[in-house]
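The values are calculated or read from the model by the stated rules, or taken from the named source; none is laboratory data. Everything numeric here is computed off the predicted structure, so don't read it as measured data. No Cβ is skipped: glycine too gets one built from the backbone with ideal geometry, and neighbour counts run over all protein chains shown.
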Amino acid sequence: MLVDAILVAQGAEYKSVYKGLNRVAVPTPPVFPIPMGLSALTKYLEKWLQAGHLSHHPQPRVLLMGLCGSLSPRYSVGEAVLYRSCVYRSEENKKTSELLCHQELTEILHQKLQDRVLTGIGLTSDRLIYSGSEKLLLGQAYGADVVDMEGFAALEVLSELGIAVGMLRVISDDAHHNIPNLTHAFNNGSLQALPLAMGLLRQPIAATRLVFGSLRGLHIIQDLTTFLLSS
């Protein structure tokens, strides 16, 4: 089997991966819905590992999937990005760190997907990046191509234990436009329905762009899952 487990953000992203796996005729790895955000994911992974989900694999391999935002004009909505590494800058101590994805697993994934993906560097943020101008500034400042809210935490926790980690994400919002500020909709690693709806209604044009970009990204995640695990 290509990987021993798939981790994907709970909600629509998890459902897309699950649907993609359901179209595969051969045995597939288990998929686990994870919370959004660095601290929430770190706590989840500690409990997940204690539960022994990977204990019967001598050299476990994990694939992290989901949506991301672009930080570069070269990376557009609907494009899939296979991470080479992940950067994190702590807002608290202003320290920047970078962790590499597992090279061998990343190469295997790239050979399998070929021209279906781009390769790039991810920036993990502990807050939602919704401003187009800030996205471009962050991309230039850290040499990153896309942004997410979980990647660095997964690498930090799992890689230290010798678990091979690969990351595959699909871009749902570009680097030119703002998306709605949904910061207040996040609570304990998930999006709350009412604050989410209110945040979208307050910025209808940005919301429409985000919804269509997310739907496109989710469809591509589903197709990539089926293709990647079908043989």
In the set 136, 105, 210, the lone residue that is touching a residue at least 12 places away in the same chain (Cβ under 8 Å) and within 27 Å of residue 48 (Cβ to Cβ) is 105
Scanning region 116-133 residue by residue, the ones that are assigned to a helix (DSSP H, G or I) and either surrounded by 19 or more Cβ atoms within 10 Å (Cβ to Cβ) or touching a residue at least 40 places away in the same chain (Cβ under 8 Å) (or both) total 2
* Evaluate region 91-100: report whether one residue or more is among the polar types (S, T, N, Q), under 27 Å from residue 206 (Cα atoms) and at pLDDT below 95. => no
Flag for residue 39 being under 17 Å from the mean Cα position of the chain (by Cα) and either hydroxyl-bearing (Ser, Thr, Tyr) or assigned to a loop (DSSP other than H, G, I, E, B) (or both): yes
Within region 55-102, of all residues that are in contact (Cβ under 8 Å) with a residue 24 or more places away in the chain and among the acidic types (Asp, Glu), the one surrounded by the fewest Cβ atoms within 10 Å (Cβ to Cβ) is 91
Residue hits (region 4-53; of a type in the set (S, T, N, Q), surrounded by fewer than 20 Cβ atoms within 10 Å (Cβ to Cβ) and under 17 Å from residue 170 (Cα atoms)) are 10
Residues of region 157-183 being in a loop (DSSP other than H, G, I, E, B) and over 28 Å from residue 105 (Cα atoms), in sequence order, are 175, 176, 177, 178, 179, 180, 181, 182
Report whether or not residue 113 is out of contact with any helix residue (DSSP H, G or I) (no Cβ under 6 Å at 6 or more places or on another chain), without any contact (Cβ under 8 Å) to a residue 12 or more places away in the chain, surrounded by fewer than 21 Cβ atoms within 10 Å (Cβ to Cβ) and of a type in the set (A, V, I, L, M). no
Among residues of region 146-165 being surrounded by fewer than 24 Cβ atoms within 10 Å (Cβ to Cβ) and of a type outside the set (A, V, I, L, M, F, W, C), the residue nearest to the chain's Cα centre (by Cα) is 156
In region 10-32, anything modelled with pLDDT of 95 or more, under 20 Å from residue 152 (Cα atoms) and either assigned to a loop (DSSP other than H, G, I, E, B) or touching a Gly at 6+ places or on another chain (Cβ under 7 Å) (or both) is listed as 13
Going through (1) part of a helix (DSSP H, G or I); (2) under 17 Å from the mean Cα position of the chain (by Cα) one by one, residue 63 fails only at (1)
Out of (1) touching a Pro at 6+ places or on another chain (Cβ under 9 Å); (2) touching a residue at least 24 places away in the same chain (Cβ under 8 Å), the one residue 31 does not meet is (1)
Practice item. Examine region 70-81 for a residue that is of a type in the set (Gly, Ala, Ser) and at pLDDT below 95, and state whether such a residue exists. Key: no
Flagged in region 186-229 as modelled with pLDDT of 80 or more and hydroxyl-bearing (Ser, Thr, Tyr), in numbering order, are 208, 214, 225, 226
